[in-house]
Amino acid sequence: MVTPQKIEEWIKEAEERPESGLLILKLIAGRLRDLTERNEELLSENIALQDGTRVEEYRKRIAYLENQLEILTRRLGESEAGLVSGVAGPPKEATANLLAYTALGRILRIELVEATLGPGAQLGCLTGELQAGGEPVHLMIVREEEELLLLFTSGRISTHPVGGLRAVPSGEVWSLDEAGLPDEPHAGEQLACILPLSRLVLSDYFMQASRRGFVKKTMTSMAQSVLENHYLGRGAVQKTDRPLAMTLCKKGEQVALATLEGHLLGLNVDDLSYTTEERLRLEPHDHVVSLFGVSPEATMVFLTQSGKVIQRAAQSLEPAKSALSKGQALISPARLEQGVRFVGAAAVHAPDRILVLDAKGNLSLHLVSDLAGSGALPDENPLLTFCVLPGRP
């Protein structure tokens, strides 16, 4: 801060030592420049406040934060809410929601009752086009209170609550052609993936991966702008490429990419760029099938289309040392020649269960602990995909 006393000192210094005048003039000019810039900022702020622009920005920010708080609160569940309010409601039968969705935007929500989810349980059958748009049906487990982010191949996004999807009971036959269409893809685009948003406020990055091994991270601090503009970006550079998957992660975490032909690549989140970059060198006939986060205590599970199970400890995942790597090969050349391919991969824990979809549309459930000894699933039909149903420790 420049005080009158300081100015008097400068004047006296210039009178006594004229050679110091230029230096004092530069100091004054720098200070005037700083004050001018600050004055312009305050003027812009006052104008924004007067015409309502800044007020509207604050309102949007408050609405966004309230929405995230509501999502996070819903994730706690009714039992926790009852403890906070002091009024516990009647016990509710434990359920999970299985989403089966296609590239054409169809989303089927199947309610799974926990009491019926024993080992080997047959949960029903999907009919219709199981590989619509050239992509197999995708499966994921979510809670009814969850908010979903839908990412399309154009980079466009939209949000939709799980509770807004019509639910059907398990143990039946459902047609994907009659599933809900909460946001029909625009011309030239398909539904690439769905991301649950309840962990958004607890995460640092959106992590995207494309079929050709390109990755990109986006700071979650930009989420308000992303959601308002309904656009996150494709996360792909080549015209023939397309976004494949997305997850939320924190600083210091690891993610993994698994490919159709059995390659596994580990990546440190902190080392990744905010711009789309190629991190996995793939053969023309290979592509990424899974993106998943890996915690140190987890086990990585890989399933082939024939039902074979490959397991690796999380500690065996080696982060890529170069910007462009081929990753670790988990399928031998001999097996590749026999046609063995991965249908998916995930990180699991001992109490978890795996929900599998075969080529005939049958949905079945298997314990992770049972897979360790068998090394294969009992399904006779080729597998299309799978997802993890978290268990109770």
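The values are calculated or read from the model by the stated rules, or taken from the named source; none is laboratory data. Predicted, not measured: the structure shown is a model, and the values here were computed from it. Note: ideal-geometry Cβ built from the backbone for every residue, glycine included; neighbour counts use all protein chains shown.
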Out of (1) acidic (Asp, Glu); (2) loosely packed, with under 14 Cβ neighbours inside 10 Å; (3) at pLDDT 95 or above, the one Asp183 does not meet is (2)
Looking at the structure I just gave you, is Leu248 in contact (Cβ under 8 Å) with a residue 60 or more places away in the chain, touching a Leu at 6+ places or on another chain (Cβ under 8 Å) and assigned to a strand (DSSP E or B)? no
Name every residue in the range 348-379 that is touching a helix residue (DSSP H, G or I) at 6+ places or on another chain (Cβ under 8 Å) and surrounded by fewer than 20 Cβ atoms within 10 Å (Cβ to Cβ), in order of residue number. His349, Ala350, Pro351
Residues of the range 304-336 satisfying the condition of being farther than 25 Å from Phe386 by Cβ, buried (at least 18 other Cβ atoms within 10 Å of the Cβ) and not aliphatic (A, V, I, L, M): Ser325
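Condition check: farther than 18 Å from Pro161 by Cα, touching a His at 6+ places or on another chain (Cβ under 6 Å) and either assigned by TED's automatic domain parsing to the domain that holds Leu104 or not hydroxyl-bearing (Ser, Thr, Tyr) (or both). Does Arg234 satisfy that?
No: the conditions fail for Arg234.
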Test Leu291 against the criterion of being closer than 13 Å to Lys216 by Cβ, buried (at least 18 other Cβ atoms within 10 Å of the Cβ) and either of a type in the set (Asp, Glu) or at pLDDT 95 or above (or both), and give yes or no. yes
Can you name every one of the strands (runs of 3 or more DSSP E) wholly within the range 146-243 that holds 2 or more residues which are touching a residue at least 40 places away in the same chain (Cβ under 8 Å) and of a type in the set (Lys, Arg)? 214-219
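I'd like to check something: does the range 187-198 contain any residue that is more than 21 Å from Asp271 (Cβ to Cβ) and surrounded by fewer than 16 Cβ atoms within 10 Å (Cβ to Cβ)?
Yes, because at least one residue in the range 187-198 is more than 21 Å from Asp271 (Cβ to Cβ) and surrounded by fewer than 16 Cβ atoms within 10 Å (Cβ to Cβ).
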Looking at the range 260-274, is at least one residue of a type in the set (S, T, N, Q) and within 17 Å of the chain's Cα centre (by Cα)? yes
Report, by residue number, each residue of the range 221-273 that is at pLDDT below 95 and among the hydroxyl-bearing types (Ser, Thr, Tyr). Ser221, Ser225, Thr240, Ser273
